[in-house]
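Here the structure is laid out as structure tokens; the discussion comes afterwards.
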Amino acid sequence: MSGSPGGGGSERLVVAAFAGNALFAGANAVGVRLSNRELDPLWGASVRFGLAAILMLLLMAALRLRVPRGRALTGALLYGALNFGAAFALFYYALVELQAGFGQILLALMPLATLLLAVAQRQERLHASAFAGIVLAVVGVAVMSRAPLRESIPPLSLLAALGSVLCFAQVAVIVRRFPDVHPVAMNAVGMTTGATLLVAGAVLAGDPIVLPESAATWAGIAYVVVVGSVVVFLLYLYVLRHWVASRTAYVFVLVPFVTVALSAWIDDEPVGAGLVFGGALVLAGVYVGALRPGRVAAEQREPALLRE
């Protein structure tokens, strides 16, 4: 999938979509934590993306969009298998033990993973500004997560969260190698693929196939289905069509701000004293690595061979 920044108005629209994506995605980890209280991880993810896939397929029919074919279909299937199947299976498992804010902070490492994968696969160059932004963001994340790291962290949960980071990062790189697909069609195919794999995994793992009873759980599921899946991933693909993968991945750095605040309010997650200072470093890293005007100019100068 290719794309490049457009004019000033177009770039402002992409930045607005980027900010909205970070805001809406911030509540997802809290909703997953609520879901995990009643549903086993794989089955909870299956319910979420099964319902979201139905909504996307209905929207696809309403817009009279066709199912992608050929290489475009291959890209959509890979997007679904890695993004909704593997990445979210691992992340749901991780959030059984990890607090939502800390889990989302780990996902903030995604820009670094995305950049390294994109460079290794000859899709991007390692620009100094992008690397500097990542260093600032990672330092900020380390400061923000100082309090949670003093507690005991289950190794398997930590590995699952880091595994989800790699899956999300690889998705951002892979998607840009395939022909453009309308975001609604892309997510309809992707979520259907992911939900199918998740249901199969839940059955094989022996997860109880039940529906939640708590109103709070249903509220969490409703949010992650409608806003956290449909809206968030439409915005994400829209941004990814206009920005390179490593720049788009900075949304995972901004999301923890929303997640930590909501998790402290809803799930009693402790907030460390370093949140303000760490947050300032993260914002600086996002600006230097993703939003600074010079980064846009650098993208426009990228050789075509690295952009396709």
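The values are calculated or read from the model by the stated rules, or taken from the named source; none is laboratory data. Just so it is clear, the model here is predicted, and its values are computed rather than measured. Virtual Cβ from ideal backbone geometry, glycine too; neighbours counted across all protein chains shown.
Checking the conditions here, which among Leu159, Leu136, Leu149 is modelled with pLDDT of 80 or more and under 20 Å from Phe91 (Cα atoms)?
Leu159
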Task: Of all residues in region 198-217 being free of Cβ contacts under 8 Å to residues at least 40 places away in the same chain and assigned to a helix (DSSP H, G or I), the one that is farthest from Asn28 (Cα to Cα) - done: Leu204
- [ ] With the checklist (1) modelled with pLDDT of 85 or more; (2) crowded, with 22+ Cβ neighbours inside 10 Å; (3) more than 17 Å from Tyr250 (Cα to Cα) in hand, flag the one item Ala169 doesn't pass.
- [x] (3)
Open item on the list: Here is a list: Val244, Val226, Val258, Val173. Which entry is of a type outside the set (Lys, Arg) and within 15 Å of Leu51 (Cβ to Cβ)?
Closed with: Val226
- [ ] Being assigned to a loop (DSSP other than H, G, I, E, B), under 17 Å from the mean Cα position of the chain (by Cα) and of a type in the set (A, V, I, L, M, F, W, C) is the filter here, so list the residues in region 175-193 that pass it.
- [x] none
Open item on the list: List the residue pairs whose Cβ atoms are under 6 Å apart, where the first residue sits in region 123-135 and is without any contact (Cβ under 8 Å) to a residue 60 or more places away in the chain, the second is surrounded by 14 or more Cβ atoms within 10 Å (Cβ to Cβ), and the two are 6 or more positions apart or on different chains.
Closed with: Leu126/Val119
Open item on the list: Would you confirm, using the coordinates I've provided, whether Ala261 is farther than 20 Å from Leu13 by Cα and modelled with pLDDT of 85 or more?
Closed with: no
Open item on the list: Being without any contact (Cβ under 8 Å) to a residue 60 or more places away in the chain and among the aliphatic types (A, V, I, L, M) narrows it down to one residue among Ala61, Ala53; which is it?
Closed with: Ala61
